[in-house]
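Following: one structure in structure tokens, then a few remarks.
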């Protein structure tokens, strides 16, 4: 530790990406892959970086020319982190839950900006400071040191609030570190990531542990889902229930033509959506803002919503085309059951990601069958799985389904059909994503752009 203190005094900083390494870098090399560990050491030498921080399990993988600092457990790692990173001043807001955390996190961040409060967002959509996207992120919840680097940068930019998506996997892998939230919002507890957690109980436990293990004395917890409330008895006095907020401030949801509007005793919020789940998340965003700032937002717009979440990308008299990120049975249920009945044709285009929880595929297919008049089953991100086998599983559990492997061809077919017959086409699974992963190849692919391309010419 003494040597690290001396390096800090000399102006050395911790870096986590080999591309960013320079002479005065200390490379935090955190990987479970031995081959990657060896390769990254070579990259460090190429960048004239001499110092490595890593787990002591790699003591026998040393390369000459490098100096190593080992940590044996998370407590030693946290000591290193506290040495290089100042205590945070900005307020941390954790967003967790199975469905809706990206929408609420990004939406709350946007609402802050709209009302002249400096804010940053860390999550599925990337790293944003105010309205500017700084970088893409590999994981919804980045590594602990990356979060510290991003938050330190945000503080230099005079940011006051940080909205962080806290995933169950991120929690289990220690990516939240010793961070303590000022506010935490739990959307709901459903089923997801069982390929990682093994069972539903473990998954829910991880979500609840985020809340239980990262709060501090004056933290506030907002619960969208009443069921989750029953599992947080230890911190009951810190909990704000969304239902109580709705009752207290007399929120009413009024349907006007195709869309809804939200009215409260103190303020009206116009929301151009026919999706009940979007309404629910909108109230979560307003509640979060009110809880943090103790006042209502002066400015409000639909533009606060996250891209690719129940997003209408094409609309004419008898036709609506929407994209969404839904990739679990519960997410599809929330999305599809909200589609108004006056859409006689409800076409859903979707697939399932490869190398992910296979148990959810039949559930998704059955849910989509329940709420759609036609299904177009296509490839999502098959990754290293055989895409035909994924599609076949969905077909076996579907009613009134057509398989079109090529996603662009499937979208073209769906756009042509919905424009001919009228109704709504929901293109689901990828939402905001700009790529499609097939085996080890990452191809440029954007559902929204492809929809707009064919909607114009058909």
Quiz item: If you bin every alpha carbon distance in the chain into 20 Å steps from zero, what whole percent lands in each bin?
Solution: 23, 53, 23, 1
Exercise. Could you grab the relative contact order for the chain? Cα pairs under 8 Å, six or more apart, rounded to a whole percent.
Key: 11 percent
Quiz item: So what's the stretch 314-384 giving for Cα Rg divided by 2.2 N^0.38 Å, two decimals?
Solution: 1.15
Self-check item: Contour excess over end-to-end distance, with Cα ends at residue 317 and residue 155 and 0.36 nm allotted per residue
Solution: 53.6 nm
Quiz item: How high is the relative contact order of the stretch 346-422, in percent, with contacts defined as C-alpha pairs under 8 Å that are six or more residues apart?
Solution: 36 percent
Quiz item: Assuming a viscosity of 1.002 mPa s and a temperature of 20 °C, what translational diffusion coefficient in µm² per second does Stokes-Einstein assign to the stretch 160-249, Rh being the Kirkwood radius over Cα pairs?
Solution: 155 µm²/s
Quiz prompt | Cα-based helix-to-principal-axis angle, 74-84 vs the chain, degrees rounded to 10 | solution = 80 degrees
Quiz item: What is the spin-label model distance, in nm, from residue 250 to residue 63 if the labels are put 7 Å beyond Cα along the C-beta direction?
Solution: 6.9 nm
Quiz item: Nearest 10 degrees, 0 to 90: what angle lies between the long axis of helix 144-156 and the longest principal axis of the chain (Cα atoms)?
Solution: 90 degrees
Self-check item: Burial ordering of 121, 259, fewest other beta-carbon atoms within 10 Å first
Solution: 259, 121
Practice problem: Just rank 296, 18, fewest to most, by other beta-carbon atoms within 10 angstrom. | Solution: 296, 18
Self-check item: Per-residue Cβ neighbour rank within 10 angstrom, fewest leading, 243, 324
Solution: 243, 324
Quiz item: How big is the gap, in Å, between the Cα center of the stretch 383-458 and the Cα center of the stretch 8-34?
Solution: 41 Å
Exercise. Report the percentage of all Cα-Cα pairs in the stretch 306-458 whose separation exceeds 23 Å, rounded to a whole percent.
Key: 28 percent
Quiz item: When the convex hull of the Cα atoms of the stretch 40-173 is projected onto a plane and the area is averaged over all directions, what value comes out in nm²?
Solution: 9.4 nm²
Quiz item: Against the longest principal axis of the chain, how steep is helix 407-421, in degrees 0 to 90 to the nearest 10, with axes from Cα atoms?
Solution: 30 degrees
Quiz item: Cα centroid distance between the stretch 84-126 and the stretch 293-346, in Å?
Solution: 21 Å
Quiz item: What are the principal axis extents of the Cα atoms in the stretch 130-279, in Å, biggest first?
Solution: 47, 39, 34
Exercise. Please figure out what share of the DSSP beta bridges in the chain is antiparallel and state it in percent, rounded to the nearest 5.
Key: 35 percent
Quiz prompt | Length-normalised contact order for the stretch 91-304 - Cα pairs under 8 Å, 6+ apart - percent | solution = 22 percent
Quiz item: How big is Rg to Rh over the stretch 208-354, alpha-carbon atoms, Rh as the Kirkwood inverse-mean-distance radius?
Solution: 1.00
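Please report the antiparallel percentage of DSSP beta bridges with both residues in the stretch 91-304, rounded to the nearest 5.
In the stretch 91-304, DSSP labels about 45 percent of beta bridges as antiparallel.
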Exercise. Give the Cα extents of the stretch 2-84 along the principal axes, in whole Å, largest first.
Key: 30, 27, 20
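The numbers here are math on the coordinates, done by the rules we state, and not lab data. Keep in mind it's a predicted model, so treat the numbers as computed, not measured. Please note: Cβ atoms are built from the backbone with ideal geometry, for glycine as well, and neighbour counts cover all protein chains shown.
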